[in-house]
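Asker: Right, I'll just put the structure down here and ask away after.
The values are calculated or read from the model by the stated rules, or taken from the named source; none is laboratory data. Computed from a predicted model, the values in this text were never measured in an experiment. Here the Cβ positions follow ideal geometry from the backbone for every residue, glycine too, while neighbour counts run over all protein chains shown. To get the accessible areas, we keep the full protein, side chains included, count just its heavy atoms, and leave off ligands, DNA and RNA. Shrake-Rupley method; radii C 1.70, N 1.55, O 1.52, S 1.80 Å.
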Amino acid sequence: MRAGVLGAGSWGTALALLLARNGHEVCLWGHDPAHVARLAQARENVQFLPGARFPQSLKPCAELRDALVDMDLVLVVVPSHAFDATLLRLREHLTDGQGVAWATKGLEASSGRFLHDVARGLLGERPLAVVSGPNFAREVALGLPTATTVASRDDAFARRVAQMLHGPDFRAYTSTDITGVEIGGAVKNVLAIACGVADGLGFGANARAALITRGLAEMVRLGLACGGQRDTFMGLAGVGDLVLTCTDDQSRNRRFGLALGRGDQVETALQNIGQVVEGVRAAREVTRLAREHGIEMPISEQVEQLIDGSCDPRRAVAALLAREPRAEGV
């Protein structure tokens, strides 16, 4: 089959590699023609995934139309702040009924809307799906064992996307809970910053475990209020992605938190990481969504205050510890 992957960063490149190794023809599009030219010349993404060579069936392309026309799968893999602009560009090339999937995690910048609502509003009635789970780009690019979730309200489309992604080292599960999967992908990045801060302060494994566990409670509270299903948060796109992102330094969000905990300023930490840290934007949108639904998310709120400069790491921890004792139930 044929697949167009939009977004030539680390995650987009890794998914393009996966699809090509599964036997599909893949066009990998990037918004920067110079970057695409370097991909084509080197036959690898030297900047983000050095050493992961492109199969012959993976073709970098600078023209957006080439990645969309006659494709069996259109997979958008851009940062959340570029999601709506990318959909606006691609919709003129789509045919009626052509499905679109995305592996973008987060909420729409400035509005806090779910990405599936953004997609529905811009692309109209067509099959839509989100791909999300505990997936580091480098490990997928290297062919290490991985599992993910494909969520769609169109079960046939979810199965088709999952089948194209499924391979010897990559297992894809399907779900109908697109809201829950998107909540998990947004909230876990915020919580990973919190865990990074705690580790940067040297607070140890006990604090990290507490943050993950109580962070999961926050995710579930918000997810249920927004219409997600509890089982989703106990699965790959919930606790699976949360544990991965909070405990491994491949996570940009965790590394960002580590830098803040060690005393770096926000801009310095972002500059040193050199790639998009989704949790920075998501913290504001997640807490705003929680306030709209009357949901308490104290860990996420402290991360938001750290990022906007109204609180420092030690004061954030003190604020969490000063909360009144309560029953543990979610």
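Asker: Does the range 35-192 come out rounded, prolate or oblate by the C-alpha gyration tensor, with a ≥ b ≥ c the root eigenvalues, rounded set by a/c under 1.5 and, if not, prolate when a/b is larger than b/c and oblate if not?
Answerer: rounded
Asker: Let me ask something else. In a Gaussian network model over the chain where Cα atoms closer than 10 Å are linked, find which of GLY106, GLY124, GLY279 has the largest mean-square fluctuation.
Answerer: The residue with the greatest mean-square fluctuation here is GLY124.
Asker: Would you kindly derive the ³J(HN,Hα) couplings of the range 215-229 from the backbone phi angles with the Karplus curve 6.51 cos²θ - 1.76 cosθ + 1.60 (θ = phi - 60°), listing them in order in whole Hz, with x for Gly and Pro?
Answerer: After applying 6.51 cos²θ - 1.76 cosθ + 1.60, I find x, 4, 4, 4, 4, 5, 4, 5, x, 5, 5, 8, x, x, 9 Hz.
Asker: Place a point 7 Å from Cα of ASP249 in the direction of its Cβ. Which residues in the range 269-286 have their backbone N less than 15 Å from it?
Answerer: 273
Asker: Return the calculated 222 nm mean residue ellipticity for the chain, to the nearest 500 deg cm²/dmol, obtained by summing -39500 (n - 2.57) across DSSP H runs with n ≥ 4 and dividing by the residue count.
Answerer: Using -39500 (n - 2.57) per qualifying helix, the result is -15000 deg cm²/dmol.
Asker: To continue, here is another question. For the chain, give the percent of accessible area contributed by carbon and sulfur heavy atoms, probe 1.4 Å, rounded to a whole number.
Answerer: Looking at the chain in its full context, I get 49 percent from C and S.
Asker: Report for the chain the percent antiparallel among DSSP-assigned beta bridges with both residues inside it, nearest 5.
Answerer: 15
Asker: From the protein chains alone at 1.4 Å, what is the descending order of accessible area for SER310, SER152, largest first?
Answerer: Ranking SER310, SER152 by accessible area, largest first, yields SER310, SER152.
Asker: Given axes a ≥ b ≥ c from the Cα gyration tensor, I'd like to know whether the range 101-168 is rounded (a/c under 1.5), prolate (a/b larger than b/c) or oblate. Working shown, then result.
Answerer: Details: a/c = 3.19, a/b = 1.47, b/c = 2.17.
Oblate, since a/c reaches 1.5 and b/c is not below a/b.
Asker: Each residue of the range 40-45 in order: what ³J(HN,Hα) in whole Hz does its phi give by Karplus 6.51 cos²θ - 1.76 cosθ + 1.60, θ = phi - 60°, with x for Gly and Pro?
Answerer: 5, 6, 7, 6, 6, 8
Asker: Quick one: length gained pulling GLU63 to ALA225 fully straight, 0.36 nm per residue minus the C-alpha distance?
Answerer: The GLU63-ALA225 span can extend by a further 54.2 nm.
Asker: Using a 1.4 angstrom probe and counting only protein chains, how large is the accessible area of LEU18 in Å², to 10?
Answerer: 20
Asker: Ok, one more. Give me a comma-separated list of calculated 3J(HN,Hα) values for the range 172-187, in order, Karplus coefficients 6.51, -1.76, 1.60 applied at θ = phi - 60°, integers in Hz, x for any Gly or Pro.
Answerer: Here the 3J(HN,Hα) series is 10, 9, 10, 8, 9, 8, 5, 5, x, 5, 5, 4, x, x, 7, 5 Hz.
Asker: While we're on this one: Which number comes out as Rg/Rh for the chain once both Rg and the Kirkwood Rh are worked out on C-alpha atoms? Could the numbers behind the result be given before it?
Answerer: Details: Rg = 19.3 Å, Rh = 20.0 Å.
Rg divided by Rh gives 0.97.
Asker: Please sort 183-194, 87-98, 21-32 by packing, taking for each peptide the average over its residues of neighbouring beta carbons within 10 angstrom, highest first.
Answerer: Result, highest mean Cβ count within 10 Å first: 183-194, 21-32, 87-98.
Asker: Using the Cα centre as the reference, give the magnitude of the dipole from point charges on the C-beta atoms of the chain (Lys, Arg: +1; Asp, Glu: -1; all else neutral), rounded to the nearest 20 debye.
Answerer: Dipole size: approximately 400 debye.
Asker: In addition: Angle, helix 10-21 long axis vs. longest principal axis of the chain, Cα atoms, 0 to 90°, nearest 10?
Answerer: 40
Asker: Using Cα pairs under 8 angstrom and six or more residues apart, how large is the relative contact order of the chain, in percent?
Answerer: On the way: 662 pairs, mean separation 47.3, N = 330.
Value for the chain: 14 percent.
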